[in-house]
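J.: Once you've had a glance at the structure underneath, I'll fire off some questions.
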Amino acid sequence: LKPCSLKELEVSVSELGLGYQSDETLLFRYCSGKCNAGRRNYDLTLEHMKRSGQVKKGKARHKPCCRPTTYDDAFSFLDNNYEYRTIKEVSAKECGCI
Amino acid sequence: LKPCSLKELEVSVSELGLGYQSDETLLFRYCSGKCNAGRRNYDLTLEHMKRSGQVKKGKARHKPCCRPTTYDDAFSFLDNNYEYRTIKEVSAKECGCI
Amino acid sequence: LYFPQMEYSESVFVEQPAGPLLQIHALKEEENETARFSLFKSYPWFQIDESTGMLSLNRSLDRKDFALLTNGEPLKLKKLFLQVAALSSEDHKHYVRVSLTLINATAPPCSEVKPRQLCFREEDFAPHIKENKQPGLFRNLRPLPLQQRCPHINITYRVEQDLSPLGDVYPFELDQDTSELAVSVPLDREQREEYSLLVRCTVTTESMVTQVDQPLLISVHDEDDSAPCLRNGSDTTEAVVEFDRKEGAVLGRLLVYDADSTPIYPRDQSRNKYAGILLTKDTWIKETFKIEHTFKETNFNHVRGTVHEYKLVLNRSLPTTESRSLQLHVLVNDTEFQGPGGSLVLHFNVTILPVSIVFANTSFLFRIQNNAAQFAQIGRVCVENCLKFHGVSITYKLEPADKNLTAVAKACHSAVGIAPGQEGIVGILYVSDPKTLRRHKCLELQYTVTAVNKLNTKRARTLLTITPESTGRAPLLTSGGRALEEDCPLSCAENRLRSDCEVCGGMGATDGRCQWRQGSGNALTTNYSTCSPTLQTCPDGQCDVVENMNPAICPQDCTKLDVIGGHERGFLSGIKAGYGTCYCFPGIKCYCEKDDISEPMCDDVCK
Amino acid sequence: MIVMNIFGLFLLLDGIVHSLASSSVLSSTGTHGWRTPVDCVKANEQCAVDSLCSSRYRTLRQCLAGRDRNTMLANKECQAALEVLQESPLYDCRCKRGMKRELQCLQIYWSIHLGLTEGEQFYETSPYEPVSFRLTDIFRLASISSGMDPTTAKGNHCTDTGKPCNACLDAAKACNLNNDCKKLRSTYISTCMKPVSPAEPCSRRKCHKALRQFFDRVSTEYSYRLLFCSCQEHACAERRRQTIVPSCSYEEKVKPNCLDLRNLCRTDHLCRSRLADFHMNCQTSLYSVTSCPNDNYQACLASYSGLIGFDLTPNYIDSSSTNITVSPWCSCKGSGNREEECEKFLRDFRDNSCLRNAIQAFGNGTDTNLAPKTPSSSVTQSVKTTVTEDIPKPS
């Protein structure tokens, strides 16, 4: 599995699955991949605490996750009823292991 | 399950599991809880893309994770061999759903 | 003097021989006027005859001249604007613009010139004649340069009038020799403001006779020669002030007509200006009423005229106690009409009725479930005719009817509050302290409700009874025996599933339980699924005063925060339309998502 | 009829003074030789370092700023100032669309030209330098990016068989794949759709500003495709009509009088310049193949798009795909005696064969070699001349 990075896919607005119907398309960018090199002392400690029962399992995450750190600007488009819509934070701009 | 927030635990350095032996203690703070209200349009879209097969499952995370957004300053202590040690980014300062 | 067209235009080819270009006409406004023509700026190539107004090319334009004129830019054609001045006898100068299209090519031979070009100029502006003015020549039909260049081609014109609806004979004559058109009598725009002629041109060469037709539209320009009139309308109207006592309320309106047209441009120098003056010295009247005047174009049998509207408007809000009758007179004056009858007077018979603040019903009766949640709305109280009020602000106060109550009874009575709704016209009753209602098992609550008019402290009182009722429903318990409600979120809106919604209560829930609205449709819809404290008022597109008391009550109507997923915001707040189910984390954000999620998808990456 | 309250001094100097109005021809008596025109900001700087020029320019500005402009202009000093300035580079300076300090350049231009012209002109000379873009270039651009080239847009329907071609949709797709275009388009849409108060569904001023920024900064390769896409069916034409978010930027409850709107525009130097540019570059010309002055479609399209985001913002008046009619949001009701002038102003938008040919040529990616519809004789009375019968003369 490749390290955490930005991927992109050209999709129509309808294909976003948010409920908007529009044939306009956009570049949907998302974060995918592993965060091997992202762990900190915190993660090591937390993992140890969970193993040693000091912290209940399943509640606190001891691994960084590959997630967007910033998002593209709001995206506006004309839907199929000729109404203008705007969607915020739908596409990632930068990814990181957090 | 409570929303993502900061928890704390007083532990000795030895209990951190990082291999240092010192009876000094510190407040270990970590992030735990649910990220119900943290999802963005990005997450809804990514989940839909994974369901519809446009994005391979198991690669990209469609939920925010409850993680530290900032860390406490480095922590220094005297270990049991009377040597001074410093550990960085071991304790969380602030948490967030990212 | 005036020029009978907005602009003149003609084209000039390079190396075109000197000769006549354009005949400029100036028509008289007064009998004794004469015009002396001149070019505002002189050019080496053009000159105008002082008395006849004939603009001519006095030396032809060569390629060098053209380059000079175009600053050396490689252009095929160049527009040059001349200003022709006409000086009248009283030393008043009038200007008209002549746009010459200079063409960087030699003129085509006569054989290549089409009949239409021989007969009519390419770009010509429609002529206009001022009403009530002197007759005179106003247009030369013939393109003069071509007349000079192709003398062997015989051109004759005939002018025909179209089938005029008014059946009148057009007052225009054509001089066959000079091909010039003249208006033969003073015109009256209020009779007719447009004449549509058909100009028939016959081109005769050695081999061919061709006829070319072209319509010619002559418009008649207006002057202020009509007095204001009522056109069998009335100059008097009744104006009653009762429930709408708010500043700006329109009490009555009257119309005045003018056969003249009234341009709305240029705004500040608009001709045919009308004034509407309230004829009074009484300061109370001046402070209480004002006249608003607007006008717009209208049509009197195919001719544009003007209709002026005078509205009597409240200049300030009137107290409910104000009551009087009076007649107001408004002087309407056509400030620019010189003749007699330039003004008339309108009359408004004003009757101001007092408005009483009374409760129609002798008492109010309401029921409330004893497990109603905080901010559950109980009902609305309102003085008589309150929904018709404008500019009348009422405050409502709730006091226990019985002055000496026990401590518990006092506590019970304090569990209900009243808030001013709908611009301070109604009083909305709501549960402010549900725990007290439940703890003390409060029985019938008896209040006196007082309505006070803010402006003049007139008040009205009546009895109000609220009867808490038990639902008889046992609280649902968890497997561990704990009341399920304790696991419920503070806000009904937070429940995403029907199953959670209907077992939980939440702020604003009238019978202690949230109510589920099952939406319809597969796209964005106003009928989205959602969990509400009471479907009667939430969501209804209105964030009312009680709902606005806490973000957890009805975010569907009141949220101004982010909404994630397919949605359309309400005009100022709330969610007007959503996709699937809309649910909210009050104070954070709302979501609108597909509601048929069979099982949440959590692959290995999301743990 | 333009009745001028006369400049007293002009009467005196009538025969001598040669201050040319709208064309840059130099005085007829002396030929000053031809100067390469500079931009007005530079010309102003050159004038500033010349004591004679700078003092006269200051005088002229005072003359124009005075309460009764005409009488002020009639006095000797003002007249002398005009004479000197005709010798300075300020006299025929020009500006460039999108140049740095464009507004300042235009203010300088009009400060000179308002002094030279007599009263309100129907057509004013454009302050902008003529666009010398060769015609075919913009159409090669249009043909590349209008879906003919598969690499630029996803599933470019115009070449797919079966699915109705929607060039405006493809233009939106292409825009959404370009960062600048997507960002600035989303900015103007969200700005124009944002409610301000119960009585104000949007801020027209902010919407106009965002639209101006879009058309100034986004390459015409994307902005023209959105604005001038060619349509064969209603959906495409309605999308084209919606491009400038007309509910906020264009429509208003009451339609103002067009002369009123033009007057409002002319109180703002930028709008005044864009209108003059539109008139200059889109005025139907009977002597050119394309009906456009000097056959320059690009100049006409550029000046049409230059009007968007101003008081006179024009738009397609309906979503008909068969004929293209654009107009500012105004009517000629209440024009009084100036109805003809108002109708003519409106015809320059609604019945303009140069503009229509330019839009169609861009939309179809055609070049001028394909002879467009023969330019209709746009006799001011806009009624066609009919040649009835040719009767051979009996020999």
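The values are calculated or read from the model by the stated rules, or taken from the named source; none is laboratory data. Because the structure is predicted, anything quoted here is derived from the model rather than measured. Virtual Cβ from ideal backbone geometry, glycine too; neighbours counted across all protein chains shown. Heads up: the accessible areas ignore ligands, DNA and RNA and are worked out on the full protein's heavy atoms, side chains in. Shrake-Rupley method; radii C 1.70, N 1.55, O 1.52, S 1.80 Å.
J.: Would you list which aspartates and glutamates come within 17 Å of A:Lys50, measuring only between C-alpha atoms, while excluding same-chain residues fewer than 8 positions from it?
T.: B:Glu8, B:Glu10, B:Glu15
J.: Take C:Ser89 and C:Leu535, extend 7 Å from each Cα along the Cα→Cβ direction, and tell me the distance between the two endpoints in nm.
T.: Result: 9.0 nm between the two label points.
J.: Right, another one. Using R₀ = 51 Å, calculate the FRET efficiency as 1/(1 + (r/R₀)^6) where r is the Cβ-Cβ separation of C:Val159 and D:Gln104; round to 0.05.
T.: Efficiency at R0 = 51 Å is approximately 0.40.
J.: Run the reach check for C:Lys114 against lysines, Cα to Cα strictly under 17 Å, same-chain hits fewer than 8 apart removed. What comes back?
T.: D:Lys384
J.: Let me ask another. Could you check the spin-label model distance between C:Leu463 and C:Leu572? Points 7 Å from the Cα along Cα→Cβ, value in nm.
T.: Between C:Leu463 and C:Leu572, the simple spin-label model gives 4.0 nm.
J.: What is the sum of charges, Lys and Arg at +1 and Asp and Glu at -1, for the other residues whose Cβ falls under 12 Å from the Cβ of C:Glu122?
T.: Surrounding charge for C:Glu122 is 0.
J.: Can you list the HN-Hα couplings for region C:312-328, worked out from phi with the Karplus curve (6.51, -1.76, 1.60; θ = phi - 60°), rounded to whole Hz and with x for Gly and Pro?
T.: Those phi angles translate into 8, 10, 5, 8, 7, 6, 9, x, 5, 7, 4, 7, 6, 10, 7, 10, 10 Hz.
J.: Over the Cα atoms of region C:98-179, what radius of gyration and what Dmax do you get, in Å?
T.: Answer for region C:98-179, Rg first and Dmax second: 16.0, 49 Å.
J.: When all alpha-carbon pairs of chain C are counted, what percent fall beyond 41 Å?
T.: 59 percent
J.: Another one. Reachable lysines from C:Lys311, Cα under 19 Å, same-chain residues fewer than 8 places away excluded?
T.: By straight Cα distance, C:Lys311 reaches C:Lys246, C:Lys273, C:Lys286, C:Lys290, C:Lys296.
J.: Which percent of Cα-Cα pairs in the protein assembly as shown sits in each 20 Å bin, short to long?
T.: Reading the bins upward from 0: 9, 26, 30, 22, 11, 2, 0.
J.: Among rounded, prolate and oblate, which fits region A:39-91 when a ≥ b ≥ c are the square roots of the eigenvalues of its C-alpha gyration tensor, a/c under 1.5 means rounded, and a/b larger than b/c means prolate?
T.: prolate
J.: A follow-up question, please. Can you work out the FRET efficiency for the pair C:Leu344 and C:Gln518, with r the C-beta to C-beta distance and R0 = 45 Å, to the nearest 0.05?
T.: It comes out at approximately 0.10.
J.: Lys/Arg Cβ at +1, Asp/Glu Cβ at -1, dipole of region C:486-592 taken about the Cα centre: which of C:Asn527, C:Asn550, C:Val503 is farthest positive-ward?
T.: Working it through, the farthest residue towards the positive pole turns out to be C:Asn527.
J.: Which whole-angstrom value gives the distance between the alpha carbon centres of region C:306-322 and region D:261-332?
T.: 43 Å
J.: Let me ask something else. Taking every DSSP beta bridge with both residues inside chain C, roughly what % is antiparallel (nearest 5)?
T.: Beta bridges within chain C, antiparallel portion: roughly 80 percent.
J.: Now a separate question. Mark the label point 7 Å from the Cα of D:Ala80 along Cα→Cβ and return the residues of region D:40-56 whose backbone N is within less than 13 Å of it.
T.: D:52-53, D:55-56
J.: Can I ask one more? Give the relative contact order (percent, whole number) for chain B; include only Cα pairs under 8 Å separated by 6+ residues.
T.: Computed over chain B, the figure is 31 percent.
J.: If you consider only alpha-carbon coordinates, what radius of gyration and Dmax does region C:502-568 have, in Å?
T.: Over region C:502-568's Cα set, Rg and Dmax evaluate to 12.0, 33 Å.
J.: Protein chains only, probe 1.4 Å: how do C:Ser179, B:Ser76 rank by accessible area, largest first?
T.: Reading off the accessible areas and sorting them downward yields B:Ser76, C:Ser179.
J.: Could you work out the relative contact order of region A:59-98, using alpha carbon pairs under 8 angstrom and six or more residues apart, expressed as a whole percent?
T.: 51 percent
J.: Could you state how much accessible area D:Thr267 has, in square angstrom rounded to the nearest 10, with a 1.4 Å probe and all protein chains kept in place?
T.: Per-residue accessible area (D:Thr267): approximately 100 Å².
J.: Moving on to the next point. Put the label 7 Å from Cα along Cα→Cβ for B:Pro3; what are its distances to the other copies, in nanometres, shortest first?
T.: Computed spacing set for this position: 3.5 nm.
J.: Follow-up question, since we're still on this one. How high is the relative contact order of chain C, in percent, counting Cα pairs under 8 Å that sit 6 or more residues apart?
T.: The normalised contact order for chain C reaches 8 percent.
J.: Moving on to the next point. Greater than 30 Å separation of Cα atoms is the criterion. Which listed pairs, A:Lys56/C:Lys594; B:Lys2/B:Lys88; D:Lys173/D:Lys209; D:Lys42/D:Lys183; A:Lys56/B:Lys63, meet it?
T.: From the list (A:Lys56/C:Lys594; B:Lys2/B:Lys88; D:Lys173/D:Lys209; D:Lys42/D:Lys183; A:Lys56/B:Lys63), the Cα-Cα distance tops 30 Å for A:Lys56/C:Lys594; D:Lys42/D:Lys183.
J.: Kindly report, to the nearest 10 Å², the accessible surface of C:Ser88 as traced by a 1.4 Å probe over protein heavy atoms only.
T.: Accessible surface of C:Ser88 is approximately 10 Å².
J.: Would you compute the Debye intensity of region C:169-209 from its alpha-carbon atoms alone, equal scatterers and no solvent, and pass along log10 I(q)/I(0) at q = 0.15, 0.17, 0.32 Å⁻¹ to two decimals?
T.: These q points yield log10 I(q)/I(0) values of -0.53, -0.62, -1.21.
J.: Considering every Cα-Cα pair within chain A, what fraction, in whole percent, is farther apart than 24 Å?
T.: Cα-Cα pairs in chain A separated by more than 24 Å: 43 percent.
J.: For region D:252-354, with the dipole built from +1 on Lys and Arg beta-carbon atoms and -1 on Asp and Glu ones, taken about the Cα centre, which of D:Ala299, D:Thr322, D:Leu312 lies farthest toward the positive end?
T.: Of the listed residues, the answer is D:Leu312.
J.: Measuring from label point to label point, each 7 Å out along Cα→Cβ, what is the D:Asp268 to C:Leu68 span in nm?
T.: Distance between the two pseudo-spin positions: 4.1 nm.
J.: What is the list of residues in region D:200-240 whose amide nitrogen lies under 13 Å from a point 7 angstrom out from the Cα of D:Lys253, following Cα to Cβ?
T.: Those under the cut-off are D:200-202.
J.: A further question follows. Amide H neighbours of C:Leu61 under 5 Å, counting only residues 5+ apart in sequence or on other chains, H built in-plane at 1.01 Å?
T.: Result for C:Leu61 returns C:Glu15, C:Gln16.
J.: Through the Karplus equation 6.51 cos²θ - 1.76 cosθ + 1.60, θ set to phi - 60°, convert the phi angles of region C:138-151 into ³J(HN,Hα) values in whole Hz; use x for Gly and Pro.
T.: Karplus-based 3J(HN,Hα) across region C:138-151 equals 9, 7, 9, 6, 7, x, 5, x, 6, 4, 6, 7, 10, x Hz.
J.: Taking the Cα centre of the protein assembly as shown as the origin and placing charges on Cβ (Lys, Arg +1; Asp, Glu -1), which of A:Thr45, D:His234, C:Val113 is farthest toward the positive end of the dipole?
T.: Value computed over the given set: A:Thr45.
J.: Let me ask something else. Per the helix-only calculation at 222 nm, which mean residue ellipticity applies to chain A, given -39500 (n - 2.57) for every DSSP H run of n ≥ 4 and division by its residues, nearest 500 deg cm²/dmol?
T.: It comes out at -3500 deg cm²/dmol, rounded to the nearest 500.
J.: To the nearest 20 debye, what is the magnitude of the charge dipole of the protein assembly as shown about its Cα centre, counting +1 on the Cβ of each Lys and Arg and -1 on the Cβ of each Asp and Glu?
T.: The dipole magnitude comes to about 5580 debye.
J.: May I pose another question? Given H placed on each backbone N at 1.01 Å, which residues far from D:Tyr128 in sequence or on other chains put an amide H within less than 5 Å of it?
T.: Counting only residues 5 or more places away or on other chains, the set is D:Cys95.
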